[in-house]
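A quick write-up on the structure given underneath.
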Amino acid sequence: MSGVITTQSIMDDILRGIAIAGVNRLVWTRQPVFSQGTLNDGFRFGMASVTYGLVSPVIKGILPPQLSGILPNGN
């Protein structure tokens, strides 16, 4: 995220989370991809990304400038 939270960015993060959950279930856990579990996991992953997007600027503002580069930019 670029620091601005919009409806589109939230939906993008949730859809990205669902895609990640689908690949995770297909490749690693060998569970059904087209199931409610994929949506539940994807929503969790997406909301974790939204939360990180909200908290990251605050944390970067608190850290000294030499340490603010240690957090990933979310891309």
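A short reminder: the numbers here are calculations on the coordinates, not readings from a lab. All values reported here derive from a predicted model rather than from experimental measurement. Every residue, glycine as well, gets a Cβ built from its backbone with ideal geometry; the counts of neighbours run over all protein chains shown.
Fewest-first ordering of VAL58, VAL33 by other beta carbons within 10 Å of each residue's beta carbon gives VAL58, VAL33. In the chain, if the dipole is taken from +1 on Lys/Arg beta carbons and -1 on Asp/Glu beta carbons about the Cα centre, which of PHE45, GLN31, ILE18 is farthest to the positive end? Sorting the options by dipole projection puts first GLN31. A DSSP coil position with no more than 15 other Cβ atoms inside 10 Å describes the following chymotrypsin sites (Phe, Trp or Tyr not before Pro) in the range 8-43: PHE34. Given R₀ = 35 Å, what would the calculated FRET efficiency be for VAL33 paired with VAL4, taking r from the Cβ atoms and rounding to 0.05? With a Förster radius of 35 Å, E is 0.65. Here the label points at LYS60 and LEU26, each 7 Å from Cα along the C-beta direction, are separated by 3.2 nm in the simple model.
Calculate how steeply helix 7-24 sits against the longest principal axis of the alpha-carbon atoms of the chain, using the helix alpha-carbon long axis, and give the answer as 0 to 90 degrees to the nearest 10. Here the helix axis deviates by roughly 50 degrees.
What are the semi-axes of the equivalent ellipsoid for the chain, taken as the square roots of 5 times the Cα gyration tensor eigenvalues, largest first, in whole Å? Intermediate results must be reported in sequence, preceding the final value.
Details: eigenvalues 169, 38, 13 Å².
Taking √(5λ) for each eigenvalue gives 29, 14, 8 Å, largest first.
In degrees, nearest 10, range 0 to 90: what is the angle between the Cα axis of helix 36-62 and the longest Cα principal axis of the chain? The angle comes out near 0 degrees.
Only DSSP H runs of four or more residues enter the estimate; each adds -39500 (n - 2.57), and after division by the residues of the chain the mean residue ellipticity at 222 nm equals -21000 deg cm²/dmol. Who wins for biggest fluctuation among GLY17, GLY53, GLY61 in a Gaussian network model of the chain, springs between alpha carbons below 10 Å? Maximum fluctuation in the GNM of the chain, among the listed residues, is at GLY61.
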